[in-house]
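S.K.: Before I ask anything, let me first share the structure, which is written out below as structure tokens.
The values are calculated or read from the model by the stated rules, or taken from the named source; none is laboratory data. As the structure is a prediction and not an experimental result, all values here were calculated from the model. Virtual Cβ from ideal backbone geometry, glycine too; neighbours counted across all protein chains shown. Side chains included, ligands, DNA and RNA excluded: accessible areas come from the protein's heavy atoms. Shrake-Rupley method; radii C 1.70, N 1.55, O 1.52, S 1.80 Å.
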Amino acid sequence: MSGVTPTHLRHAMAHFATGVTVVTTLEDGHDHAMTANSVTSVSLDPPLVLVCVRKDTGWHEAVVSSGVWGVSILPVAGRPAATWLSTGGRPLYGQLSRVPHHRGELGVALVDDALATLECRTSALHDAGDHSIVVGEVVSSRADARRDDPLVYYRSRYTSTR
């Protein structure tokens with residue numbers, strides 16, 4: 001048994017700077033969204049990415065059911081969306097009403113002002129403690145090469161690279 005507590009791990013991992021994303025899914029006509037910094041490229045051929053999500057969330061249940069999801073990589077100006085979508089207890093219905101978005105090819109919501117977006121079809125789900133690792137095949141992607149203003153999460157707060 002490890003002597004590392006959740007607090008110890010959270011403190012250590014806070015020193016790892018990550019980008020900030022909004023991940024979305026659509027289940028039975030309802031959008032589900034959450035802020036995530038645990039999004040990773042897995043493979044270029046085939047194109048795969050993953051997101052880690054707590055098992056006890058509505059997003060987890062929805063993505064398991066729907067099998068499709070979107071990733072919006074946020075710019076600095078996306079901080080209000082990131083804050084809102086990481087707020088516990090927000091209403092399930094209409095949670096994206098504060099976030100300008102459009103629909104992608106798979107029907108999932110994608111943030112309008114994102115630096116880049118991906119749409120994925122779930123290809124694998126792996127058990128990982130209190131989380132699941134959701135692996136998705138990327139079926140579409142878009143990136144704005146002119147943008148240079150990513151939102152970054154470091155030491156438990158939002159910041160920028162400037």
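S.K.: Does Ser65 satisfy the criteria of being small (Gly, Ala, Ser), assigned to a helix (DSSP H, G or I) and at pLDDT 95 or above?
M.R.: yes
S.K.: What is the one condition in (1) in contact with an Asp or Glu (Cβ under 7 Å, 6 or more places away or on another chain); (2) open to solvent by 60 Å² or more (accessible area, probe 1.4 Å); (3) over 21 Å from Ser156 (Cα atoms) that Ala77 does not satisfy?
M.R.: That leaves (3) as the condition not met.
S.K.: Being in contact (Cβ under 8 Å) with a residue 40 or more places away in the chain, over 16 Å from Ser156 (Cα atoms) and open to solvent by 60 Å² or more (accessible area, probe 1.4 Å) narrows it down to one of Val64, Val108, Val68, Val99, so name that one.
M.R.: Of Val64, Val108, Val68, Val99, the one residue that is in contact (Cβ under 8 Å) with a residue 40 or more places away in the chain, over 16 Å from Ser156 (Cα atoms) and open to solvent by 60 Å² or more (accessible area, probe 1.4 Å) is Val64.
S.K.: Residues Arg79, Arg121: which one is assigned to a helix (DSSP H, G or I), basic (Lys, Arg) and either at positive phi or modelled with pLDDT of 95 or more (or both)?
M.R.: Unique residue meeting the criteria: Arg79.
S.K.: Further question: Could you please find all residues in region 134-159 being surrounded by 17 or more Cβ atoms within 10 Å (Cβ to Cβ) and more than 19 Å from Ala77 (Cα to Cα)?
M.R.: Val134, Val135, Gly136, Val138
S.K.: Follow-up. Which one of Gly94, Gly89 is assigned to a loop (DSSP other than H, G, I, E, B) and open to solvent by 60 Å² or more (accessible area, probe 1.4 Å)?
M.R.: Testing whether each residue is assigned to a loop (DSSP other than H, G, I, E, B) and open to solvent by 60 Å² or more (accessible area, probe 1.4 Å) leaves just Gly89.
S.K.: Can I ask one more? Residues of region 137-154 being of a type in the set (Asp, Glu) and outside any strand (DSSP E or B), which ones?
M.R.: Within region 137-154, Asp144, Asp148, Asp149 qualify.
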